Amino acid sequence: MTNKIHRRTVIQAAAAAGGMAALTPWSFAQGAFDWKRFAGTSLEVHLVKGPRGELLQKNQKEFEDLTGIKVGAEQIPEQQSRQKAVIEFNSGKTSFDVIQLSYHVQKRQFAKGRWLEDLRPMFANVPAEFDRTDFTAGGMFYATQADGRIDSLPLNLDPWILYWNKELFAAKGVAYPKSYAEIVEAAKKLHDPANGIVGFVGRGLKNANVPLWTGLFLGFGGQFFDAAGKLATETPEAIASASMYRDLLKNTGPAGVAGYNWNESQSLFLQGKAAMWIDGSGFAPPLEDPTKSRVVGKVGYGVMPPGPKLQVSATFGDGIGVSAFSTKKGAAFLYTMWATGKVMQARMLASGGGAPVRLSAYSDKEALANLKVPVDWLKAVGESMRIARPGLPVIEPVTEFRDTFGIALNNMLSGADVAAELKKATAEFAPVLAKSES
Amino acid sequence: MRKPSPYLWFIAPAVIVILAVIVFPWAFTLWMSLFEWRIGSKATFVGLTNYTDLIGNRRFLESVAHTLIFTAAAVAAPLVLGTAAALVFHQKFFARGLLRAAFVLPMMATPVAIALVWTMMFHPQQGVLNYLLSLVGIGPSEWVYSPRLAIACLVMVDVWQWTPLVMLIVLGGLASLPTESFEAAHMEGASRWQTLRHVTLPLLMPFVLVAAVVRMIDALKTFDTIYVITQGGPGTASETINIYLYLQAFSFFQIGKASAVVVVFFVLVIALSWLLFWLRERSKYYE
């Protein structure tokens, strides 16, 4: 199965890339497009602390040399970044011209406030290399608002994958699960608390835990809203997926899993004490780092097995846009083009710092040759992109959604009834949602 | 009509600063609490609705209960332990200065740094606390990862950090006590226990109550350690008013509702402070 995926990924990506391997950081400058037209301008860029922000900041001199624009970039931790963005946008004056955003949290919020500039008029004057058709459909889905405005460019997608410890699987003669039922079954077989091994680890901490449940929910055929637009989070699919979530974590997870976020899960998996872990795709670098990990070379990177109704990888994503309050929109747009260009996307892939949204990156020979993570990871991510679905509803009060349902999931881990908790959470959240959309 | 004293101009800067940084924010918070306002949306005047909603909000009421439980424990335990420690350190013994300095060290550390260290120590699989328990044959605990134990563990961290403060206040009090009462007790043949029970502790009471007021205000507003260690969880098991408030204001951006929570919290702090000051006045029997 994995070979097939690999072949397809490479062929698909190679076709899309069409000779992009020879692309250099200077390729942009070689065409007729005038990158220097805003030379002398200064830009303020608001980035989120993490591998993507790191990569952009590390290479920003290249942009400055290319355009003559001076960049002042700042990386801000995710939570603080979201607070700062809301407060500044609401004041009607932003200290930044360009901002990195998390689509699953900020897309609807930014759209409602019209806080980002619609980039469509600017697409009329872009270099040929920019090639908008190279962006994946998933990436452009996230970047496009419900009314058709494209107010950002996608930076990366983060499909959730299944990390599995090959050594523990082999020791118990367990095969990689091919369905949700098999995940539960494998977790039971591999769970060995007497030897400090858990069958499954994942997020139990409220708020952070919701994507793990929603990923399963989508696989059970769940939809966040019914045909009438009513919240559908107490349906049989919601109950079945939440029961599976509870069973996996409560019966085959570590003690105290209700307080586990991704970092605690990663830590346990790194120690070789967890057989399976479902989370975002960005954890290959630490898992393969011999200074941190005891499972180097033993990690399997798997695509989410099919659920009872659908094979889905709950996916999240980041983008980058131009503040509607910026007085340097032209220069800011140049930065977003550079940040989401083919070269930067290939670099992102090589560093394992995220899954690029450009098809060309997946066949960039240099990026593949310099890949710092196993090719299995690349295969899993490539295949996950094919089955990617937004892991959270695209609504303004998404943080309240995560908080309310996160508490319900937490209560389930403490023994509360699944259906009753979902009913309570739905009743609690429905008025919040209604108010936000009114 | 009497002309205003020219000296009044000297207090003008202080008055302006107080109006700007204390009175205005308070008046504005009160005003905002009368609106339904989510940042990014239009503010709508709703009168006292935010307050009446809070009365029926189970999660908020639970957060008030958690705050009171946490505060009661985080004030009582350091008062007992800190007073006992002060009585010990008031005696003369070898290396007293060194031990006293070591005792106050937790108070010097940054709460967030301490919280991160305790978070690691509490970890059910990799934390040192379960390892220590295993050495004495006790099974592992889930510590802050258990809804039943979360508040108790947070109290433990708070007590560890702030007992030295109580010790310092009471130690200062001990050093300033009049010697006549002790001499009289000695002449009357009082035992050491009788002297402690009937002379030292009553004389110390005003100092203990000062420590109680300081500790209570600190404990009520504890945010950093709780946020870093549990974020109010598991579920809402350790969610105090501050954590609830933070979520409403800075995660959900519900400014009107958050302002109402601030006002209720302020009333609670004032009421408890008055209670303690009243007790302090009553304890000044020797004046």
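Throughout, read-outs are computed from the coordinates displayed, never taken from laboratory work. Only a predicted model underlies this, so the values are computations on that prediction, with no experimental measurement involved. Here the Cβ positions follow ideal geometry from the backbone for every residue, glycine too, while neighbour counts run over all protein chains shown.
Both radii come from the Cα set of the range B:40-283: Rg as radius of gyration, Rh as Kirkwood radius; their ratio Rg/Rh reads 1.06. The lysines within cross-link reach of residue A:230, meaning a Cα-to-Cα straight distance under 19 Å and a gap of 8 or more places when in the same chain, are A:423, A:424, A:435. Over what distance in Å are the Cα centres of the range A:163-210 and the range B:77-132 separated? Here the two parts' Cα centres lie 39 Å apart. Using a Gaussian network model of chain A whose springs link C-alpha atoms within less than 10 Å, name the residue from A:142, A:176, A:362 with the highest mean-square fluctuation. Result for chain A, Cα springs under 10 Å: A:176 fluctuates most. Given +1 at the Cβ of Lys and Arg, -1 at the Cβ of Asp and Glu and no other charges, the dipole of the range B:1-158 around its Cα centre is 520 debye to the nearest 20.
In the elastic network of chain B, a GNM with C-alpha springs shorter than 10 Å, the most mobile of B:32, B:216, B:108 is B:108.
Only four residue types carry charge here, +1 at the Cβ of Lys and Arg and -1 at the Cβ of Asp and Glu. Report the dipole size of chain B about the Cα centre in Debye, rounded to the nearest 20. Don't skip to the answer; put the middle values down first.
On the way: 18 positive and 13 negative charges, 79 e Å.
That gives a dipole near 380 debye.
Mean separation of Cα pairs under 8 Å and 6+ residues apart, divided by the residue count of the range B:40-283: what relative contact order is that in percent? RCO, the range B:40-283: 30 percent. Please determine, in degrees from 0 to 90 and to the nearest 10, the orientation of helix A:398-413 with respect to the longest principal axis defined by the Cα atoms of chain A, where the helix direction is its Cα long axis. Taking the Cα atoms of chain A, the angle to A:398-413 is about 20 degrees.
The string of couplings for the range B:61-73 from the Karplus curve (6.51, -1.76, 1.60, θ = phi - 60°) is 4, 5, 5, 5, 4, 4, 4, 5, 5, 4, 5, 4, 6 Hz, one whole number per residue in order, with x for Gly and Pro. For the Cα trace of the protein assembly as shown, dividing Rg by the Kirkwood Rh returns an Rg/Rh value of 1.03. Between the Cα long axis of helix A:329-339 and the first principal axis of chain A there is an angle of about 50°, rounded to the nearest 10. If you take the Cα centroid of the range B:1-33 and the Cα centroid of the range B:193-208, the two points sit 43 Å apart.
Could you pull out the trypsin sites (Lys or Arg not before Pro) across the range A:342-373 that fall in loop regions by DSSP (anything but H, G, I, E, B) with no more than 14 other Cβ atoms inside 10 Å?
Details: sites: A:342, A:347, A:358, A:365, A:372; in loops: A:372.
For trypsin sites (Lys or Arg not before Pro) across the range A:342-373 that sit outside H, G, I, E and B with at most 14 neighbouring Cβ atoms in 10 Å, the list reads A:372.
Enumerate by residue number the chymotrypsin sites (Phe, Trp or Tyr not before Pro) in the range A:198-286 meeting two conditions: DSSP loop (anything except H, G, I, E, B), and at most 13 other Cβ atoms within 10 Å of the site's Cβ. Qualifying residues, ordered by number: none. Database remark: amide H of residue A:317 closer than 5 angstrom to the amide H of A:103, A:104, A:158 (H placed geometrically; neighbours at sequence offset of 5 or more, or on other chains; Pro and chain starts carry no H). Relative contact order, whole percent, for chain A stands at 25, derived from Cα pairs under 8 Å and 6 or more residues apart.
Please identify the trypsin sites (Lys or Arg not before Pro) of the range A:169-248 that satisfy two criteria: DSSP loop assignment and at most 12 other Cβ atoms within 10 Å. Which are they?
On the way: sites: A:172, A:178, A:188, A:189, A:203, A:206, A:230, A:246; in loops: A:172, A:178, A:203, A:206, A:230.
When the trypsin sites (Lys or Arg not before Pro) of the range A:169-248 are filtered for loop state and at most 12 Cβ neighbours within 10 Å, A:178, A:230 remain.
Here the protein assembly as shown carries DSSP beta bridges of which approximately 65% are antiparallel, counting only pairs with both residues inside. Karplus-derived 3J(HN,Hα) values for the range B:250-260, using 6.51 cos²θ - 1.76 cosθ + 1.60 with θ = phi - 60°, are 10, 10, 9, 6, 8, 5, x, 5, 4, 5, 4 Hz; glycine and proline are entered as x. Counting only alpha carbon atoms, the long axis of helix A:418-437 and the longest principal axis of chain A meet at about 20°.
Measure up A:250/B:221; A:49/A:298; A:49/A:189; A:93/B:257; A:172/A:250 against 32 Å on the Cα-Cα distance and list the ones that go over.
Numbers: A:250/B:221 34 Å; A:49/A:298 29 Å; A:49/A:189 39 Å; A:93/B:257 25 Å; A:172/A:250 21 Å.
In this structure, A:250/B:221; A:49/A:189 lie more than 32 Å apart at Cα.
Under a Gaussian network description of chain B, with springs only between Cα atoms under 10 Å, the residue in B:65, B:27, B:115 that fluctuates furthest is B:27.
Projected onto their three principal axes, the Cα atoms of the range B:9-102 cover extents of 67, 50, 21 Å, largest first. Can you work out the FRET efficiency for the pair residue A:181 and residue B:52, with r the C-beta to C-beta distance and R0 = 45 Å, to the nearest 0.05? Rounded to the nearest 0.05, the efficiency is 0.40.
Residue-wise HN-Hα couplings along the range A:384-390, as the Karplus relation 6.51 cos²θ - 1.76 cosθ + 1.60 with θ = phi - 60° gives them from phi, are 5, 4, 5, 10, 5, 9, x Hz; Gly and Pro carry x.
Among B:271, A:320, A:198, whose Cα sits farthest toward the positive end of the charge dipole of the protein assembly as shown (+1 at Cβ of Lys/Arg, -1 at Cβ of Asp/Glu, about the Cα centre)? Ranked along the dipole, the leading option is A:320.
For the segment A:391-397, counting C-beta atoms of other chains within 10 Å of every residue's C-beta and taking the mean gives 1.
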